[in-house]
1. Residue 112 passes all but one of (1) modelled with pLDDT of 90 or more; (2) buried (at least 16 other Cβ atoms within 10 Å of the Cβ); which number fails?
2. Return the pairs, sorted by first residue and then second, in which the second residue is modelled with pLDDT of 85 or more and in a loop (DSSP other than H, G, I, E, B), the first residue lies in segment 65-76 and is within 12 Å of residue 135 (Cβ to Cβ), the beta carbons are less than 8 Å apart, and the residues are 6+ apart or on different chains.
3. Can you tell me which residue among 89, 144 is closer than 18 Å to residue 170 by Cβ, in contact with a strand residue (DSSP E or B) (Cβ under 9 Å, 6 or more places away or on another chain), surrounded by 11 or more Cβ atoms within 10 Å (Cβ to Cβ) and at pLDDT below 95?
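The values are calculated or read from the model by the stated rules, or taken from the named source; none is laboratory data. In this text the structure is predicted, and so the values were computed from the model without any measurement. Counting neighbours? That spans all protein chains shown, and the Cβs are built from the backbone with ideal geometry, glycine included.
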């Protein structure tokens, strides 16, 4: 018994979960405080660095997705107009209906359309589309709805089209030849007073 006891003096017992790492009986692990109930992947210090990097990348991507600028409907429509203005094909069309909005109190009559409904034909197929032009007042003021227009359309989707954008316009502008400006009631009354005074004198 004495000999057996002296042979085992000073021998350090290696934990079972370190038996496959290659530690000798005379060595002790550096990180002895790692819980043995953790998964094997987390028990080795060399695995913690890539795991931390992976978690950091996931956190960064999540933060970007949550805080990035979301495209509004108006911005999406503007991008569609600009894409068609640059890459769309041109064909002839005609305006079939409009929705109007008076531009100001000084100008008599509606002069600013807010919606243009137009028609055009591609390969024997007739398309009727509408474009919201309420955000393009400077490009549609005094539009001639009685004249033909040019339409830009997507060849892969002919129903996707425009008649005006910030960089291109297929509309014809100008006052109608039959459009006349009527004098105001105040001016008419003043003219009548001047005529009466001239006759009395």
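1. (1)
2. 74/135
3. 144
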